[in-house]
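The values are calculated or read from the model by the stated rules, or taken from the named source; none is laboratory data. Keep in mind the model is a prediction, meaning the values are calculated, not measured. Note that we place each Cβ from the backbone using ideal geometry, even for glycine, and neighbour counts take in every protein chain shown.
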Ligand SMILES: [Fe+2]
């Protein structure tokens with residue numbers, strides 16, 4: 001049965017919010033990664049990569065807020081600390097002392113991890129009949145798979 005944020009059981013809200021907080025965390029860690037690479041990328045492809053990394057972190061910055069605000073709509077606590085995000089995130093930080101190719105690979109892997117995390121969160125939401133969270137997760141997952149393709153295309 002289709003559910004809305006306030007018609008769900010507290011247990012369902014908590015489970016979905018927890019999955020969404022992992023999405024928030026991984027989105028935030030990847031935002032920082034893309035900004036780090038935007039600053040530190042070098043080489044003959046500096047211009048387009050500097051721009052692409054900016055496009056990615058600007059997209060992710062907006063998405064963090066959309067995901068965290070869905071957590072709030074579910075009446076749960078939104079993860080709001082960097083330490084907490086690093087703990088939850090399956091995307092790990094990179095220090096930025098890397099070649100342009102290593103940056104592209106690291107960011108591509110982060111996009112793939114995020115797509116998988118969002119697909120999982122969407123599936124969980126669907127199991128609870130929460131089609132509105134599911135929709136947000138699907139839209140975000142598709143965006144990450146698009147960025148994974150943008151990055152992968154540099155490596156062929
Ligand atoms: Fe900049």
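One table, with the values for the structure above:
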| item | result |
| --- | --- |
| Flag for residue 153 being farther than 21 Å from residue 7 by Cβ, in a helix (DSSP H, G or I) and under 16 Å from the mean Cα position of the chain (by Cα) | no |
| Conditions (1) within 19 Å of the chain's Cα centre (by Cα); (2) away from the ligand (no atom under 16 Å from the Cβ); (3) surrounded by fewer than 22 Cβ atoms within 10 Å (Cβ to Cβ); number of the one not met by residue 75 | (1) |
| Flag if residue 66 is touching a residue at least 12 places away in the same chain (Cβ under 8 Å) and either within 16 Å of the ligand (Cβ to nearest atom) or part of a helix (DSSP H, G or I) (or both) | yes |
| Residues satisfying the stated conditions in the range 104-130, i.e. more than 17 Å from the chain's Cα centre (by Cα) and assigned to a helix (DSSP H, G or I) | 126, 127 |
| Qualifying residue in the range 17-27 (condition: within 16 Å of the ligand (Cβ to nearest atom) and either within 18 Å of the chain's Cα centre (by Cα) or in a helix (DSSP H, G or I) (or both)) | no |
| Breaking point among (1) loosely packed, with under 12 Cβ neighbours inside 10 Å; (2) in contact (Cβ under 8 Å) with a residue 12 or more places away in the chain, for residue 11 | (2) |
| Residue among 45, 68, 17, 5 that is modelled with pLDDT under 95, in contact with a helix residue (DSSP H, G or I) (Cβ under 9 Å, 6 or more places away or on another chain) and either surrounded by fewer than 18 Cβ atoms within 10 Å (Cβ to Cβ) or farther than 22 Å from residue 108 by Cα (or both) | 5 |
| Subset tally (residues that are surrounded by fewer than 19 Cβ atoms within 10 Å (Cβ to Cβ) and within 25 Å of residue 13 (Cα to Cα)) for the range 129-150 | 8 |
| Any hit, the range 110-125, residues being within 16 Å of the ligand (Cβ to nearest atom), without any contact (Cβ under 8 Å) to a residue 40 or more places away in the chain, closer than 21 Å to residue 142 by Cβ and touching a helix residue (DSSP H, G or I) at 6+ places or on another chain (Cβ under 6 Å) | no |
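Every residue, every condition in (1) in contact (Cβ under 8 Å) with a residue 60 or more places away in the chain; (2) within 16 Å of the ligand (Cβ to nearest atom); (3) in a helix (DSSP H, G or I); (4) within 16 Å of the chain's Cα centre (by Cα), yes or no:
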{"residue": "29", "(1), (2), (3), (4)": "yes, no, yes, yes"}
{"residue": "32", "(1), (2), (3), (4)": "yes, yes, yes, yes"}
{"residue": "37", "(1), (2), (3), (4)": "yes, yes, yes, no"}
{"residue": "43", "(1), (2), (3), (4)": "no, no, no, no"}
{"residue": "71", "(1), (2), (3), (4)": "no, no, yes, yes"}
{"residue": "83", "(1), (2), (3), (4)": "no, no, yes, no"}
{"residue": "96", "(1), (2), (3), (4)": "yes, yes, no, no"}
